[in-house]
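Enquirer: The structure's right below; bear with me while I get my questions together.
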């Protein structure tokens, strides 16, 4: 292979280029890989006067993840359109089951609270809504208790509000740890009353109802 050197000291093949491709901008500077081998510039080996596409043009590029090159997903490699994350979240929200109370009155109001009085989330309050409220560490739970690792991620327990009878119940979930109501273990659904003390994992909560004899959301819903 013939090698020519331009006045700037660049080496190139005169059989492939009429003039120095580096000075004219037709190629890239020669780089050296980790083994010290010379790496050919982009477009090296193409016929003279041929238009060389930039490196990776027309093909998806690998993405940088945590200091390494991650492969492109199959969907991206075949040119499929991938829905934005915000669109997927919106679709998931639209497919959620709507509670009867929310469907009837076009709102999802608070009907009570759990207030943490002992544990990692001490002092925080958690809203309860007019449906069966799931309790767990998952952000998908209605009552998300992230600070207590002894609470099951999903469905540690549930608190149900029955708008027809204006009543609350504590329902055991799938936790391997016992749950307690006023220091008594709970193995079946039991009624909840104001200021009852719930023990979930290593945390304790006081139950505070909003709806009762003196207040019901239905009364205000009828007034519009």
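No lab work stands behind these numbers, since they all come straight from the coordinates. Fair warning: this is a prediction, and the values are worked out from it, not measured in the lab. Neighbour counts are summed over all protein chains in view; Cβ atoms, including those assigned to glycine, are modelled from backbone coordinates with ideal geometry.
Enquirer: In contact (Cβ under 8 Å) with a residue 12 or more places away in the chain and on the phi > 0 side of the Ramachandran plot: which single residue out of 166, 133, 193, 177 fits that description?
Expert: Checking each option against the conditions leaves just 166.
Enquirer: Ok, one more. Would you mind stating whether residue 151 is free of Cβ contacts under 8 Å to residues at least 24 places away in the same chain, more than 21 Å from residue 130 (Cβ to Cβ) and surrounded by 13 or more Cβ atoms within 10 Å (Cβ to Cβ)?
Expert: No: the conditions fail for residue 151.
Enquirer: Mind listing whichever residues of region 161-189 are crowded, with 16+ Cβ neighbours inside 10 Å and in a strand (DSSP E or B)?
Expert: Residues satisfying the conditions are 161, 168, 170, 171, 172, 179, 181.
Enquirer: State whether one or more residues within region 146-155 are part of a strand (DSSP E or B) and within 22 Å of residue 189 (Cβ to Cβ).
Expert: Checked region 146-155: no residue is part of a strand (DSSP E or B) and within 22 Å of residue 189 (Cβ to Cβ).
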